[in-house]
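Participant: Encoded as structure tokens, here's the structure I'll be asking about.
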Amino acid sequence: MDLTKITSPSFLKNMSKKELESLANDIRSFLIEKCSITGGHIGPNLGVVELTIALHKAFNSPKDKFLWDVGHQAYVHKILTGRASQFDTLRQFKGLSGFPKRMESDHDEWETGHSSTSLSAAMGMAIARDIKRDRNYVVPIIGDGALTGGMALEALNHIGHEKTNMIVILNDNEMSIAPNVGALHSILGRLRTAKEYSKAKEELESLMKKIPVLGGKVASTAERVKDSLKYLVVSGVFFEEMGFKYLGPIDGHDFEALEKTLDYAKKVTGPVLVHVITKKGKGYKPAEEDTVGTWHGTGPYKMETGDFVKGTVKGPAWSSLVSESVRKLMKNDKRIVAITPAMPVGSKMEGIQRDFPNRFFDVGIAEQHATTMAAGLATQGMKPYLAIYSTFLQRAYDQVLHDIARPNLNVFIGIDRSGLVGADGETHQGVFDIAFLRHIPNIVLMMPKDENEGQHMVKTAIDYNDGPIALRYPRGNGIGVPMDEEMKSIPIGSWEVLKEGEDVAILTFGTTIPMAMQAADELSTQGINAKVINARFIKPLDVDMLHDLMAKKTPILTIEEAILQGGFGSAVLEFASENQYSDILIDRMGIPDQFIEQGSVDLLLDEIHLTKDEAVTRAQNLVQSNKTIGKKFV
């Protein structure tokens with residue numbers, strides 16, 4: 001079938017099982033081919049092909065509302081709603097988003113990128129439907145990993161309490177990005193193998209319907225028997241106790257089972273949970289055999305072999321550099337405990353997990369819990385290392401402020417994927433952490449210029465015992481500098497002059513240092529001597545160096561791959577104001593006041609004018625304006 005000719009999922013309504021199976025094969029082949037070129041979340045999408053087809057056959061989108069939790073499994077949904085022709089641009093600059101996007105289609109009812117949000121949003125939509133007396137189904141699709149998130153459990157509690165009409169699809173493939181952990185995962189494991197319960201329950205319900213109505217006593221007795229059955233066969237039917245009608249588990253690749261169960265779910269009053277078992281990566285052997293999460297989301301790969309297409313890299317992956325530096329220090333420092341909220345693979349913590357299993361904790365998709373757990377460890381003299389993506393740290397803001405910084409606890413936060421991350425788009429760009437952390441009292445915030453300084457900052461963080469300290473580091477690889485044999489601490493709040501100059505000072509850190517150095521080199525050809533400063537401590541600032549610059553009336557250009565509002569440049573402006581340096585020229589470059597879409601980082605930087613050429617122009621203007629101001633006072 002030519003998938004690019006699909007404009008609406010309505011064509012599914014009268015398709016036979018054989019036709020549906022053929023369509024599923026076509027979609028799998030299409031996804032494997034397209035994602036081999038663009039990269040993307042291939043594993044999750046191969047696992048939901050039949051489920052997505054069945055949902056669109058059973059319901060009427062967009063009247064009926066589909067909410068894809070996390071959203072990285074929505075490619076099949078996009079194909080069935082008329083966007084197959086755009087898949088050559090998937091996750092590319094100005095192209096098709098890798099996640100649901102309301103502006104792309106009326107069928108994308110809910111935008112996601114972070115997990116565990118679908119049930120709360122679905123509750124809002126269901127309440128609005130009931131208030132307006134509309135008649136439509138609200139269908140959130142949530143994975144077993146996302147279901148462990150606290151927000152999802154809060155929503156389950158509320159939905160069950162209100163008895164809201166809703167059909168929740170639990171897509172259970174036994175792993176999210178990495179293999180799932182936790183007690184709820186164990187409950188689902190028992191349910192997966194508890195087909196005896198489903199069968200016995202159906203038989204009992206059938207028998208009860210045949211019993212003549214003899215009054216409340218018989219009815220209540222029958223209900224007690226039914227309740228006792230579920231405890232006898234399954235140790236705690238979690239969802240039914242939460243107020244849901246539980247249907248399943250069913251094979252998520254069996255069209256007949258899916259159709260039968262979804263039709264029944266539509267007839268139930270109140271909340272229903274349909275437990276669907278799927279195989280992540282189904283239909284593509286390399287993805288099917290993945291047990292650690294490598295095929296959850298990938299770059300381009302060779303379709304025939306599954307070998308990944310790797311670009312030229314010089315240095316180690318930043319995630320690996322930081323985690324491996326921590327691992328080395330753990331050998332001689334038994335205080336160190338490593339924590340991740342479900343990202344042991346993404347944050348390259350496999351070495352720590354292997355060598356120190358008793359001091360490594362994957363808490364699942366539970367950023368708030370991970371953060372406060374780190375605080376609890378710190379109260380007992382431990383040195384917790386919390387590795388967490390910048391975009392996910394947003395979810396634990398209150399825990400950082402209230403539970404770590406306020407009591408001034410010694411927690412080391414490794415902020416992975418800081419800065420622009422590219423193809424995952426708005427929900428994953430790590431550009432807000434400076435703005436939401438810098439104003440918190442007690443916290444130290446730093447970012448290295450290269451991987452050698454990065455390992456020294458890890459040592460700095462472990463040695464620091466005066467409160468919380470956070471290390472930002474980007475996605476991707478280092479630049480390939482020589483590495484010192486021994487790690488050493490860097491004085492807190494100290495900056496480093498990389499190039500001397502007196503006409504203008506460029507203050508920057510991390511990934512934008514090469515840009516600043518290139519700009520300074522070009523400026524020197526124009527007779528402008530620019531000082532380049534590695535402002536590696538974003539908080540606290542190097543006040544001595546700032547006083548020296550401002551006392552000399554040196555114009556300052558700050559550059560940061562982070563949001564400008566409340567960022568590093570703002571801190572420099574605040575310093576000038578607080579110290580009454582009213583005649584100092586300060587200009588700032590950074591991420592403008594907008595969400596940044598997907599695309600390669602270089603294209604995104606060019607789009608927002610965060611480039612070497614822009615830095616040269618800004619520095620030239622500062623120098624010229626400073627000369628003009630100087631003439632006024634002659």
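The values are calculated or read from the model by the stated rules, or taken from the named source; none is laboratory data. On a predicted model such as this, the values are computed, not experimentally measured, just so you know. As a convention, Cβ positions derive from the backbone with ideal geometry for all residues, glycine included, and neighbour counts pool all protein chains shown.
Participant: In the range 225-256, what residues are part of a loop (DSSP other than H, G, I, E, B) and modelled with pLDDT of 80 or more?
Facilitator: Of everything in the range 225-256, those that are part of a loop (DSSP other than H, G, I, E, B) and modelled with pLDDT of 80 or more turn out to be M242, G243, F244, G252, H253, D254.
Participant: Yes or no: the range 308-325 includes at least one residue that is of a type in the set (A, V, I, L, M) and buried (at least 22 other Cβ atoms within 10 Å of the Cβ). Write out each step before concluding.
Facilitator: Residues of the range 308-325 of a type in the set (A, V, I, L, M): 309, 313, 317, 321-322.
Okay, now just the ones that are also buried (at least 22 other Cβ atoms within 10 Å of the Cβ), so 321-322.
Looking through the range 308-325, at least one residue is of a type in the set (A, V, I, L, M) and buried (at least 22 other Cβ atoms within 10 Å of the Cβ).
Participant: While we're on this one: If the Cβ limit is 8 Å and pairs must be 6+ apart or interchain, which residue in the range 298-321 that is closer than 29 Å to I388 by Cβ pairs with which residue that is among the hydroxyl-bearing types (S, T, Y) and outside any strand (DSSP E or B)?
Facilitator: Partner pairs satisfying both residue conditions: P300/S36; P300/T38; Y301/S36; W318/Y473; S319/S347; S319/Y473; L321/Y473.
Participant: Taking the range 118-140 as the region of interest, how many residues are buried (at least 24 other Cβ atoms within 10 Å of the Cβ) and more than 11 Å from M166 (Cα to Cα)?
Facilitator: The qualifying residues number 1.
Participant: Given (1) more than 27 Å from G364 (Cβ to Cβ); (2) more than 23 Å from the chain's Cα centre (by Cα); (3) touching a residue at least 40 places away in the same chain (Cβ under 8 Å), where does R83 come up short, assuming only one miss?
Facilitator: (3)
Each row is one residue, and each column tells you yes or no for (1) modelled with pLDDT under 95; (2) closer than 30 Å to G299 by Cα; (3) touching a Ser or Thr at 6+ places or on another chain (Cβ under 6 Å).
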| position | (1), (2), (3) |
| --- | --- |
| A576 | no, no, no |
| I591 | no, yes, no |
| V623 | no, no, no |
| K631 | yes, no, no |
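Participant: Out of the range 86-104, which residues are part of a loop (DSSP other than H, G, I, E, B), in contact with a helix residue (DSSP H, G or I) (Cβ under 7 Å, 6 or more places away or on another chain) and touching a residue at least 40 places away in the same chain (Cβ under 8 Å)?
Facilitator: Scanning the range 86-104 gives L90, R91, Q92, F93, G95.
This table checks each residue for (1) in contact with a Phe, Trp or Tyr (Cβ under 8 Å, 6 or more places away or on another chain); (2) part of a helix (DSSP H, G or I).
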residue: P441; (1), (2): no, no
residue: E453; (1), (2): no, yes
residue: V481; (1), (2): no, no
residue: M487; (1), (2): no, no
residue: S494; (1), (2): yes, no
residue: K531; (1), (2): no, no
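Per-residue answers, yes or no, for (1) over 22 Å from the mean Cα position of the chain (by Cα); (2) in the same structural domain as T38 (by TED's automatic domain parsing); (3) buried (at least 17 other Cβ atoms within 10 Å of the Cβ); (4) in a strand (DSSP E or B):
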position: A571; (1), (2), (3), (4): yes, no, yes, no
position: A576; (1), (2), (3), (4): yes, no, yes, no
position: I584; (1), (2), (3), (4): yes, no, yes, no
position: R588; (1), (2), (3), (4): yes, no, yes, yes
position: E597; (1), (2), (3), (4): no, no, no, no
position: D606; (1), (2), (3), (4): yes, no, no, no
position: L610; (1), (2), (3), (4): yes, no, yes, no
position: T617; (1), (2), (3), (4): yes, no, no, no
position: T628; (1), (2), (3), (4): yes, no, no, no
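Participant: Across the range 341-388, what is the total count of residues that are touching a helix residue (DSSP H, G or I) at 6+ places or on another chain (Cβ under 7 Å), of a type in the set (S, T, N, Q) and over 17 Å from R406 (Cα atoms)?
Facilitator: Adding up the residues that qualify gives 1.
Participant: Moving on. Being in a helix (DSSP H, G or I) and of a type in the set (S, T, Y) is the requirement here; does S524 meet it? Spell out the reasoning first.
Facilitator: Working: in a helix (DSSP H, G or I): yes; of a type in the set (S, T, Y): yes.
Answer is yes for this residue.
Participant: Are there any pairs, at least 6 apart or on different chains, whose C-beta atoms fall under 9 Å, with the first in the range 246-260 and on the phi < 0 side of the Ramachandran plot and the second among the acidic types (D, E) and surrounded by 21 or more Cβ atoms within 10 Å (Cβ to Cβ), and if so, which?
Facilitator: From the range 246-260, the pairs are P249/D172; D251/E50; G252/E50; G252/D172; H253/E50; D254/E50; F255/E50; L258/E50.
Participant: Select, from D548, D544, D593, the only residue that is farther than 19 Å from E500 by Cα, among the charged types (D, E, K, R) and not assigned by TED's automatic domain parsing to the domain that holds P448. Give the steps one after another, and end with the answer.
Facilitator: On the way: D548 fails: farther than 19 Å from E500 by Cα; D544 fails: farther than 19 Å from E500 by Cα.
After applying the criteria, what remains is D593.
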